[in-house]
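The values are calculated or read from the model by the stated rules, or taken from the named source; none is laboratory data. The structure presented is a predicted model; accordingly, all values stated were derived computationally and were not measured. Glycine gets a Cβ as well: all are built from the backbone with ideal geometry, and neighbour counts include every protein chain shown. Note: accessible area is taken over every heavy atom of the protein model, side chains too, but ligands, DNA and RNA are not part of it. Shrake-Rupley method; radii C 1.70, N 1.55, O 1.52, S 1.80 Å.
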Amino acid sequence: MAYDRLLRKRPLPFPLTEVDILSASDDELMTMSRDMGLSMSLDEMHTVRDYFHKEGRVPTDIELQSLGQAWSEHCCYKSSRVILKEFLLGIEHPDVLSRGDAGVMVFDDDYAYALRIESHNHPSAIEPYGGAATGIGGILRDVVCMGAQPVALIDPLCFGPVDRKEELPPGVKHPRYLVSGVVAGIRDYGNRVGVPTLSGGFFFDPRYTGNCLVNVGCVGIVPRDEITQNFVGGPGEVMILCGGRTGRDGIHGVTFASAELKETSDEDSRGAVQLGDPITKEPLMHACLEVNRRKLITGMKDLGGGGLSCVVGEMALEAGCGSEVRLDRVPLKEEGLAPWEIWVSESQERMMLAAKEENVPEILDIFRTWDVLATPVARTIPQKRTRVFWDDELIFDMDLEFLTGGPLYCRPHTVSKPEGLEVDEWPELPDRNRVLLSLLSDLNVASKEWAIRQYDHEVRGATVLRPLTGHINRVGPGDASVIQPVLGRWKGLGISVGCNPWFTALDPYNGGLSSLDEACRNLVATGCRPHSLSNCLNFGNPEKPDRLGQFREAVRGFGELARHLNLPIPSGNVSLYNEAPGGVVLPTPMIMGLGRIDDVRKAVSSDMKHEGSALYLVGKTKKEMGGSLIYRLFGGKGGQVPGVEFDRLSLSMNLLLKAMDKGLVRSCHDCSDGGLAVAVAEMCIAGDIGAELNLGPISGKDLDVALFSESNSRWVAEVPVGKEGEFETLMGDLVQRIGRSGGTKLIAPVAGIDLKVEEMRQRWSEPLAKIMG
Amino acid sequence: MRPEDVKVCVLRIEGTNCEDETFNAFKILGADPEKVHLNQLDGHAPELMQRSLEDYDVLALPGGFSAGDYIRAGAIFAARIRSALSVDLTRFVEQEKPVIGICNGFQILVELGLLPAFEETMSPMPTAALFTNDSARFECRPTLLRNDNRGNCLFTSRIPKGEVVMFPSAHAEGKLLSMDPDLVERLDDNDQIVFRYVDQDGEQSGYPWNPNGSPDDVAGICNPAGNVLGLMPHPERALSRFTHPDWTRGYEKEEGDGLAVFRSIMDHVRG
């Protein structure tokens, strides 16, 4: 090793090395950063050197490792924070109760809900089953540490085409293998912990082949007087590590997540993927919630990225103090771990509790009853420092503000003009029956029943609207899922996902707008009023100016619309460096929307209900074909990417919700991929009822635009016989009558569409199941 | 007996995960349910938290993945109950107190030998098993069930014979098999068959109406005395009409189909 001369082993019965960075050359600093897995830049290494120069001593390996964790993109958002601050943070709303590890929002006078979505992309690209499972594990802990009982899981996933035949880039795994592993990981973890998987999505595109995206969201419910904090109460408290043992799995997870994937990532970084154990997690959640309910703790936080090294410092500093840690007391999976490995390990199923001394025995009793380990490992001190001891040896002694401060970058970015403003090349289309059937059987539209049925979406017995809706064993796609989270109360919570990566690739600003528009549309389609958001922003390497430009523009669009709609974003996550051999992923601003409905008995599902109802289009269709599914499928080029008229969206949502509240809408579905034609077809499939469409005196391309454009802020609504007048008066010029339900076929005479519902169902139902088996 | 005097033990260990909704089912009917960890019944909990099975009127084994179900579904929980509680539990069943096992709870009852229990209250060895679904994977789907019991089972006294109800299913191992080739016939002779999977016309129709391939579409069975019920589908997930999968298409009453099972239990206990 090039810097051997700088290392000195302390004569102790355990491995501990002092690293003389004070006399290291720049070359040696960089080699050190790489070989020790710190992933720090030269400037960052200089800052560290200057700090220890001031301290007047050389650091230990455990101290350097701790800095590598704390200063990673994953932990400190050093590239994204400036942009997030400008556009997303600080949307104030009186219903925001906490912006902790998960956001917490008012549900009603007595209850609150917690929400958060984050990524687990890189681990899942290497080891899909474990990566996805531990993704679920991590997001559950974020919600539990607010004091909330998890009540819903949300899993939007992006993969390369599952039917890919061509050879794969080196080191890249086949999408079919990844899909099957990820779905199994979510199934086996989510089902075992007893939290329903209620929403999500599948996005298929060749640009996700090398670096799949696995985003995991969770929603919890908590009585408002049980919301807890993620930090200690003050000095003199005991910190109790509980849950799983600590091992070598998940070392350097955060630094692995903060770099591009390489050909050799599989071999290099498999150790960075943690191992999940839902049967430790399940009782751990019970025990944590029970000690919180009994007011025995002052705060709790989960051990996620960076493990102990992050949680101990952050919990103490937030309360203006520090802590002394007895690292030798941490229960281990195996003997022989070096202190630094214990300190940064991301072994799963662990939580840290803070408590007053007098409550510790009762806490330990409760954990014992649940057969879950709980071990006091640290004590808080008035100084803002972390000191780590092994037996009596001090092996770590750092200023917390320096340790958790981390660098902040204003990296250069470039924004290119959306291509569609100059080019708009219309594709060659076959007859419209074939177009519609192709759209329905495209994997991005086709039924996800193969996956959905493997997830328990009914556990907890509170599911009111589910991802699939309609007749038993003859279903179509729903919009948002709705739960009734508090027994005996009719108030409901709606959960949706919105994202359009294709729009975002062509026009990041409009892509950001569209993703939020979709999250809102899905909620409103079920009768839920959008209330708050969480986001997982998946982009490429921020050190490349064009990638950062996409990120900035997408965030700007999303943030401006969120502010206009007064939707706070009390939690979120950024995942950068989503690049692999074969290229960068589509820019993917995944947005999770939460909405409320006063009475779930008024919720509306997307399946068509009656013969003879009037069908209306809510919203305006424009020639905005850029990024649309028919352009992608049939070879169109460029085109305007759909934008959003902010005021019109607000007004449409308000009036449509009012109409639903008055019982004027029997079914409703949003227009997204494939436009109006696919929306109506899906309502027919779900309701097992046909429809006749009449789009007025238009023909040719205008008719194709009307049928297949993916303009935002649009829904199809079914209005029962006799209510048409009231509906039209309420909605005014926002709606256009487009036809009538009935029969066994979807017919649009002028457009030449004439398809049996049964045939559409077959084409929509089969593709994914056929490939996945 | 007043409803609030009916004490229900909702038994759990790690991985039991349907205890809240099972608790709710009894709570809605005014009973006094309690979620009890097995450690509280076998002396492993701190003194204040210890409980005794004989103090309860009803035992409910909720769904979930007890101990992860990594061996055979329900096997570990059953082994732990057997070693700690078999005397208490046998007495509990012989006193004709109701025992209900839902999903994983059904698997546990079979592993325990409390079902089908042709020869004695608790067979020393399991005589049947809930085997992997024909689809070889976890299936979460609404299932329609026909009450085929002729009157022996106390848990369906509120459901007319032949009536079809909806309880959702969600399991990977729900196919009732036995070395005994006459299992279904014997169950039928003893009036131990309670529910069969059917289609919307009330007819036995195979997959997907029967989500696991269980022989003769058997979804739930009771013991010969009729006071131990095991079933794969989840009545506790259908307490309200608004958790039924197709309620938006119209409904006649706000009560969910599943509540009738718990009402029947209450009727029996209250006498």
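Couple of notes before you dig in:
- Close pairs (8 angstrom Cβ cut-off, 6 or more residues apart or separate chains): hydroxyl-bearing (Ser, Thr, Tyr) in the stretch A:583-604, open to solvent by 10 Å² or more (accessible area, probe 1.4 Å) anywhere: A:Thr588/A:Phe203
- Residues of the stretch A:503-520 classified as of a type outside the set (A, V, I, L, M) and open to solvent by 10 Å² or more (accessible area, probe 1.4 Å), total: 5
- Screening A:Pro412 against (1) open to solvent by 30 Å² or more (accessible area, probe 1.4 Å); (2) in contact with a Lys or Arg (Cβ under 8 Å, 6 or more places away or on another chain) leaves a single unmet condition, (2).
- Of the residues making up the stretch B:31-46, those that are open to solvent by 30 Å² or more (accessible area, probe 1.4 Å) and more than 10 Å from chain A (Cβ to nearest Cβ) number 4.
- Residue tally, condition under 24 Å from A:Leu115 (Cβ atoms) and hydroxyl-bearing (Ser, Thr, Tyr), over the stretch A:205-236: 1
- Strands (runs of 3 or more DSSP E) contained in the stretch A:186-278 and holding at least 2 residues farther than 20 Å from A:Ala148 by Cα and touching a His at 6+ places or on another chain (Cβ under 9 Å): A:213-223
- Of residues in the stretch A:666-723 being among the polar types (S, T, N, Q) and farther than 21 Å from A:Ser514 by Cβ, the one most open to solvent (accessible area, probe 1.4 Å): A:Asn694
- Residues of the stretch A:214-264 that turn out to be under 21 Å from the mean Cα position of the chain (by Cα) and of a type in the set (Gly, Ala, Ser), as a count: 7
- Residue list for the stretch B:245-267, restricted to those being more than 9 Å from chain A (Cβ to nearest Cβ) and out of contact with any Lys or Arg (no Cβ under 6 Å at 6 or more places or on another chain): B:Glu252, B:Lys253, B:Glu255, B:Asp257, B:Leu259, B:Val261, B:Phe262, B:Ile265, B:Met266, B:Asp267
- Applying the criterion of at least 3 residues that are open to solvent by less than 10 Å² (accessible area, probe 1.4 Å) to the strands (runs of 3 or more DSSP E) found wholly in the stretch A:1-106 leaves A:103-106.
- Subset of the stretch B:8-25 [within 12 Å of another protein chain (Cβ to nearest Cβ) and hydrophobic (A, V, I, L, M, F, W, C)]: B:Ile13, B:Cys18, B:Phe23, B:Ala25
- Every residue from the stretch A:442-456 that is under 20 Å from A:Ser672 (Cβ atoms), open to solvent by 10 Å² or more (accessible area, probe 1.4 Å) and in contact with a strand residue (DSSP E or B) (Cβ under 8 Å, 6 or more places away or on another chain): A:Leu443, A:Asn444, A:Lys448, A:Glu449, A:Ile452
- Hey, A:Thr414 of a type outside the set (Phe, Trp, Tyr), within 28 Å of the chain's Cα centre (by Cα) and part of a loop (DSSP other than H, G, I, E, B) or not: yes
- Subset of the stretch A:606-621 that is within 14 Å of chain B (Cβ to nearest Cβ) and not polar (S, T, N, Q) - its residue that is most open to solvent (accessible area, probe 1.4 Å): A:Glu611
- Unmet requirement for A:Ala132, which otherwise passes all of (1) open to solvent by 10 Å² or more (accessible area, probe 1.4 Å); (2) more than 14 Å from chain B (Cβ to nearest Cβ): (1)
- When the stretch B:206-232 is limited to residues that are closer than 24 Å to B:Arg137 by Cβ, more than 14 Å from chain A (Cβ to nearest Cβ) and assigned to a loop (DSSP other than H, G, I, E, B), the one that is least open to solvent (accessible area, probe 1.4 Å) turns out to be B:Ser214.
- Test result for A:Thr463, within 14 Å of chain B (Cβ to nearest Cβ) and open to solvent by less than 20 Å² (accessible area, probe 1.4 Å): yes
- A:Pro749, sole failed condition from (1) modelled with pLDDT of 95 or more; (2) touching a strand residue (DSSP E or B) at 6+ places or on another chain (Cβ under 9 Å): (1)
- Count of the stretch B:82-127 residues which are closer than 22 Å to B:Asn39 by Cα and free of Cβ contacts under 8 Å to residues at least 60 places away in the same chain: 16
- No other residue among B:Arg141, B:Arg137, B:Arg158, B:Arg150 is at the interface with chain A (Cβ under 10 Å from one of its Cβ atoms) and either in a loop (DSSP other than H, G, I, E, B) or among the acidic types (Asp, Glu) (or both) apart from B:Arg137.
- Of all the criteria given as (1) away from chain A (no Cβ under 12 Å); (2) open to solvent by 60 Å² or more (accessible area, probe 1.4 Å); (3) of a type in the set (D, E, K, R); (4) in a loop (DSSP other than H, G, I, E, B), the one not satisfied by B:Asp180 is (2).
- Strands (runs of 3 or more DSSP E) wholly inside the stretch A:288-407 containing at least 1 residues that are outside the structural domain of A:Gly135 (by TED's automatic domain parsing) and polar (S, T, N, Q): A:322-326, A:374-381, A:385-390
- Against the test of being open to solvent by less than 10 Å² (accessible area, probe 1.4 Å), away from every other protein chain (no Cβ under 12 Å) and outside any helix (DSSP H, G or I), the options B:Ala60, B:Ala78 yield a single qualifying residue, B:Ala60.
- Test: residue in the stretch A:540-553 that is in contact (Cβ under 8 Å) with a residue 40 or more places away in the chain, surrounded by 24 or more Cβ atoms within 10 Å (Cβ to Cβ) and within 21 Å of A:Asp155 (Cβ to Cβ): no
- Any chance A:Lys620 is assigned to a helix (DSSP H, G or I) and either at pLDDT below 95 or on the phi < 0 side of the Ramachandran plot (or both): no
- In summary, B:Leu114 fulfils each of the numbered conditions (1) away from every other protein chain (no Cβ under 14 Å); (2) open to solvent by 30 Å² or more (accessible area, probe 1.4 Å); (3) of a type outside the set (Val, Ile, Thr) with the single exception of condition (2).
- Output for the stretch A:358-385, where each listed residue is open to solvent by 70 Å² or more (accessible area, probe 1.4 Å) and either touching a residue at least 24 places away in the same chain (Cβ under 8 Å) or within 11 Å of chain B (Cβ to nearest Cβ) (or both): A:Pro361, A:Glu362, A:Arg368, A:Asp371, A:Arg379, A:Pro382, A:Gln383, A:Lys384
- Residues that are within 17 Å of the chain's Cα centre (by Cα) and on the phi < 0 side of the Ramachandran plot, drawn from the stretch A:573-589: A:Asn573, A:Val574, A:Ser575, A:Leu576, A:Asn578, A:Val585, A:Leu586, A:Pro587, A:Thr588, A:Pro589
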